[in-house]
Amino acid sequence: MPLIWFRLYDFESDAEALALPGWKRALDIACILLSLPLWLCVFGAIALWIKAVSPGPLFFRQDRAGYRGMPFRIWKFRTMRPDADSASHEALVANLMSGTGPMTKLDRDDPRIIPGGRLLRASGLDELPQLINVLRGEMSLVGPRPCTLYEFKRYDERARERFFAAPGLTGWWQVNGKNRTTFGEMVEMDVWYVRNRSLGLDLEIMWRTVPALARQVLEKKRKSNSSSSSELN
């Protein structure tokens with residue numbers, strides 16, 4: 001059963017809004033199969049690195065809110081110590097949702113992150129196991145970011161419009177600012193995507209994802225270098 005049943009209020013019809021486009025599933029499967037040799041090589045390299053630098057499980061699994069609020073278990077490469085506490089992340093999410101600051105993470109000074117974990121998180125490579133979720137039909141390659149269950153419970157009616165699209169590995173928000181935008185701006189971008197999704201838009205988002213991730217990695221590196229220089233001075 002969905003976590004919470006809710007209605008759209010600006011769409012022409014609920015039936016139309018609730019329907020997942022047939023082309024989306026076909027695009028997901030085709031893209032994964034065509035790129036499978038590449039992803040298998042990347043998966044292997046990351047798995048070997050994590051096992052070499054940190055004891056514990058290879059994957060991190062967590063319940064998230066999916067399409068229409070239906071909970072599912074997400075897969076990610078583990079980038080934190082096995083005993084990492086989630087309380088600080090929950091506090092950060094609460095502050096971001098109620099404030100006007102950018103959607104940044106605690107990565108730079110977070111002692112819970114394993115060696116190399118910051119690069120995996122900045123580049124989005126830690127999320128590659130979510131291809132499993134895509135193959136299972138719980139996610140799509142393109143869609144709103146899948147939020148945690150405690151985040152979902154804090155969403156208002158407007159924000160819950162995000163859940164009338166399957167959550168994705170990348171999306172309109174991810175290629176249009178991401179860490180430079182507020183929570184409210186993220187919601188507006190995701191709702192815009194839900195209302196305007198099309199095959200052409202999904203292909204555009206996929207095309208823009210790699211350059212967006214590259215900019216994100218370079219930006220994180222510049223901030224790290226700037227912080228290091230300030231500490232030395």
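The values are calculated or read from the model by the stated rules, or taken from the named source; none is laboratory data. In this text the structure is predicted, and so the values were computed from the model without any measurement. Note that each Cβ is placed from the backbone with ideal geometry, even for glycine, and that neighbours are counted across all protein chains shown.
Cβ-Cβ contacts under 8 Å between residues 6 or more apart (or on different chains), taken from a first residue in segment 17-37 that is under 17 Å from Ala165 (Cβ atoms) and surrounded by fewer than 16 Cβ atoms within 10 Å (Cβ to Cβ) to a second residue that is of a type in the set (D, E, K, R) and at pLDDT below 95, are listed as Leu18/Arg68; Pro21/Arg197.
For Ala47, the criteria (1) modelled with pLDDT of 95 or more; (2) of a type outside the set (Phe, Trp, Tyr); (3) part of a loop (DSSP other than H, G, I, E, B) hold in every case but one, which is (3).
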